[in-house]
Amino acid sequence: RCHNLSVTCAADDKKAHHATHVKCGNCGREEEINEGSQTCRRCGLKLSEYFCPKCKHFTGVDKNPFHCEKCEICRIYKDRSFHCDVCNVCLDKRLEGKHKCRPNSGHDECCICLEDAFSGCQILPCSHKVHRECAIAMIQNGVRNCPICRHPLYGQLQQ
């Protein structure tokens, strides 16, 4: 676990890619993060099933992680993702050819909270982005149209 979880560390705003060293939980050896950091050089313990030296990301393989060169970050579910070059973001394969592309829209702000929606967002039918939690709150509060363009969130129910 990152030292940022320690009460003695004042650097609580750092991300994994800021890390410079890794410490083996088995033998305690601390070493600089590089291409070979997946395995401890002292005791030979494999530190994680998946390791990305670019992102300095150590994790398991249960969610099929991969590094997207175009997004420049690690993503999950490689078998279920594709990178849309127009939107400039990885999306679910079910959206391939079935979403409205807008240049660089992968880096939109959430249209509810206005925070970065690059990861963990839902794509509205109009292609605007919203965090999942924000979308739930929006619908629970009776909002039925996109807050930006007023496009309906879903079609009218047939009676």
Residues of region 12-43 that turn out to be part of a loop (DSSP other than H, G, I, E, B), out of contact with any helix residue (DSSP H, G or I) (no Cβ under 6 Å at 6 or more places or on another chain) and either at pLDDT below 70 or of a type outside the set (Lys, Arg) (or both), as a count: 16
Residue list for region 57-84, restricted to those being open to solvent by less than 50 Å² (accessible area, probe 1.4 Å) and either part of a loop (DSSP other than H, G, I, E, B) or at positive phi (or both): Gly60, Pro65, Cys71
Test result for Cys87, in contact (Cβ under 8 Å) with a residue 40 or more places away in the chain and either within 16 Å of the chain's Cα centre (by Cα) or not in a strand (DSSP E or B) (or both): yes
For Val143: the one exception among (1) under 29 Å from Phe58 (Cβ atoms); (2) assigned to a loop (DSSP other than H, G, I, E, B): (1)
Asn64 being within 25 Å of Gly25 (Cβ to Cβ) and touching a Lys or Arg at 6+ places or on another chain (Cβ under 9 Å): yes
Criterion violated by Gly97 - all others in (1) within 30 Å of Leu153 (Cα to Cα); (2) in contact (Cβ under 8 Å) with a residue 12 or more places away in the chain satisfied: (2)
Test: residue in region 146-154 that is at pLDDT 85 or above, open to solvent by 30 Å² or more (accessible area, probe 1.4 Å), of a type in the set (Lys, Arg) and in a loop (DSSP other than H, G, I, E, B): yes
Some residue of region 127-136 being in a loop (DSSP other than H, G, I, E, B) and free of Cβ contacts under 8 Å to residues at least 12 places away in the same chain: no
Residue count, region 108-124 (criterion: open to solvent by less than 60 Å² (accessible area, probe 1.4 Å), assigned to a loop (DSSP other than H, G, I, E, B) and more than 20 Å from Cys74 (Cβ to Cβ)): 5
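Would you be able to tell me the number of residues in region 39-71 that are farther than 21 Å from Leu95 by Cα and under 21 Å from the mean Cα position of the chain (by Cα)?
Qualifying residue count, region 39-71: 15.
Among what's in region 91-107 and is in a helix (DSSP H, G or I) and open to solvent by less than 90 Å² (accessible area, probe 1.4 Å), pick the residue that is nearest to Arg75 (Cα to Cα). Break it down into steps so the answer makes sense when it comes.
Start the filter on region 91-107 by keeping residues that are in a helix (DSSP H, G or I), which leaves 93-95, 105-107.
Next cut, open to solvent by less than 90 Å² (accessible area, probe 1.4 Å) only: 95, 105-106.
Numbers: Leu95: 16, Ser105: 17, Gly106: 14 Å.
Going through the qualifying residues, I end up with Gly106.
The values are calculated or read from the model by the stated rules, or taken from the named source; none is laboratory data. These figures come from a predicted structure and were not determined experimentally. Don't worry about glycine lacking a Cβ; one is built from the backbone with ideal geometry, like all the others, and counts go over all protein chains shown. What goes into the accessible areas is simple: the full protein's heavy atoms, side chains included, and nothing from ligands, DNA or RNA. Shrake-Rupley method; radii C 1.70, N 1.55, O 1.52, S 1.80 Å.
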